[in-house]
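Have a look at the structure below, then the notes.
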Amino acid sequence: MGRVPPTSSVPEEPAPVRSLVGLPILRVAMVGCAALITWLALLAAGFPSPFPPTILFAAAAMLPVNLASLALVRRALHREGQRARDLIDFSWRRLGTDVLWGLLWLVVLWVPFVLAVIGMMFLLYGGDAFANFQTVFYDQDSAPPFDRVLLTVLAIVSVVTFAPLNAPVEELVYRGYSQGGLVRRWPVVWAIVVPAAIFAAQHVFYAATPDAMLVYLAAFFVWGVGSGMIVLWQRRLMPIIVAHFLVNLFTSAPALVIAFLPPEVVAG
């Protein structure tokens with residue numbers, strides 16, 4: 001593929017490659033640090049668990065990471081004479097259309113994502129792939145026996161802060177800033193693939209087991225490439241943010257069921 005010429009909405013000279021690649025890598029490092037701090041906090045509280053911590057704790061710990069990432073990407077964009085709101089291109093008038101686009105992209109991206117998951121499971125386990133899904137994606141030891149109140153608070157924090165904030169921040173960092181700048185410095189294929197690979201690396205810190213890390217690397221790389229192609233075509237982030245938000249909501253909202261579980265289940 002060739003290069004995409006700059007448009008009038010972006011500066012003539014994009015940010016240096018070290019910034020365009022460095023900011024996404026910095027975000028991955030922050031996610032890793034958040035996972036490590038959370039894990040150490042669990043150990044200090046007397047609840048040893050595998051690393052990385054379960055997704056419930058990881059999602060709650062993402063709040064400071066997302067706030068820091070948002071501040072960093074906004075500052076990076078401002079240095080280039082751009083604004084986050086222009087890349088997102090939110091409009092109340094187009095919200096209905098953007099939601100429909102987001103639903104479409106969710107389906108379009110979900111198919112190769114699931115195929116990547118299944119493909120990696122077959123590479124790892126062969127004919128026993130489906131029999132190992134539960135042990136790969138759920139670790140019984142990763143759920144410390146906290147009380148209902150604390151688990152419910154964590155679930156609420158995860159849903160309220162993770163789903164609405166994580167989607168726009170990640171799309172700004174990986175697709176808006178990084179890919180948006182790299183596509184004007186590198187061949188398009190590399191401008192899409194590199195941010196997608198870093199995006200995939202971030203998700204190993206949400207994996208319950210080492211094998212799940214490998215599956216997540218493959219599946220989220222495929223998702224990242226697909227998202228990058230969509231953003232390159234639409235030249236705005238709002239539709240893909242909707243799809244990303246729905247995924248984050250679907251993965252975090254089920255945690256709220258903790259508030260309604262019987263005490264013996266919550267107690268482990």
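A few remarks follow.
- Distance between segment 162-214 and segment 37-97 - C-alpha centres, whole angstrom: 13 Å
- Using the Cβ-Cβ distance between residue 111 and residue 251 with R0 set to 22 Å, the FRET efficiency from 1/(1 + (r/R0)^6) comes to roughly 0.80.
- Segment residue 103..residue 124, full-extension length gain: 4.4 nm, with 0.36 nm per residue of separation and the alpha-carbon distance subtracted.
- Anisotropy class of segment 34-122 from Cα gyration tensor, a/c 1.5 cut: oblate
- Between residue 133 and residue 75, full extension at 0.36 nm per residue minus the direct alpha carbon distance yields a gain of 16.7 nm.
- Counting every alpha-carbon pair across the chain, the share separated by more than 26 Å comes to 44%.
- For the peptides 222-232, 46-56, the ranking by mean Cβ contacts within 10 Å, running from highest to lowest, is 222-232, 46-56.
All of the numbers you see were taken from the coordinates with simple rules; none came from a lab. Source: prediction; values computed, not measured. Neighbour counts run over all protein chains shown; Cβ positions are idealised from the backbone, glycine included.
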